[in-house]
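One structure is given below, encoded as structure tokens.
None of the figures in this text is laboratory data; all of them are computed from the coordinates on show. Computed from a predicted model, the values in this text were never measured in an experiment. Quick reminder, even Gly has a Cβ in these numbers, built from the backbone with ideal geometry, and neighbours come from all protein chains shown.
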Amino acid sequence: MGRLGFVSAGESHGPAEVCILTGVPAGLALTCEHISGDLLRRRRGYGRGGRMAIEDDAVRILSGVRHGYTLGTPLALLIENKDFDTWRPIMQPEPGALGGAVPALTVPRPGHADMAGAAKYAHTDLRNVLERASARETVTRVAGGGRRPPFWRPLRVTVRARVTRMGTTADSTPVDYLNPASIDWKRVGGLAGCVR
């Protein structure tokens, strides 16, 4: 298997969110139903707002799969934003929205990527940043990777993560990172194992 690649595209209130995966081996079973379970789990997660009642997060496979099996070519997944119709005058890709200029958002939100994105891309309208740096964008990450990507199951790949430091508070548990069995994953899942 080659190196897996991931790229996402789309704005929170734009037409859709798109995920493109490269390096997925040919011949692995993959259908929309394989992905839907993780998308449903995301919708039920902590901190869900009113938007989750609008979006159904239905995924469409656009390329890279034929008759339920991966082709080895880039895999493209599309999740349409149902809320786009409400935001069309402000977020449509075509020019001429609202019969002229759309009022710019110029006050950055604290704790968000607004200021950094404006500096990086020289945007004067922060909507160009906040539409991309939003919780909605995570739908592509779940569709493309999820808890256990369907195409990894036959390969017996397991992905795990843990927080080792938050600010000045660190987990001092000795770990041999070359030996994954040295980590007590049951303890990591509990609050007592996350941060001391």
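Computed from backbone phi with θ = phi - 60° and the Karplus coefficients 6.51, -1.76 and 1.60, the 3J(HN,Hα) list for the range 69-74 is 10, 5, 9, x, 8, x Hz; x is used for glycine and proline. Each of the peptides 165-171, 82-88 was scored by the mean count of other Cβ atoms within 10 Å over its residues; in descending order, highest first, they stand as 82-88, 165-171. Amide H contacts under 5 Å for A16: E11, N81, restricted to partners 5 or more places along the chain or on a different chain, H placed in the peptide plane at 1.01 Å from N. Calculated FRET efficiency, A116 and R60, Cβ-Cβ r, R0 45 Å, to nearest 0.05? Once the sixth-power term is evaluated, E becomes 0.90.
Tell me, what is the FRET efficiency for T124 and S172 to the nearest 0.05, using R0 = 35 angstrom and their Cβ-Cβ distance as r? Rounded to the nearest 0.05, the efficiency is 0.15.
Calculated FRET efficiency, A76 to T138, Cβ-Cβ distance, R0 = 30 Å: about 0.95 to the nearest 0.05.
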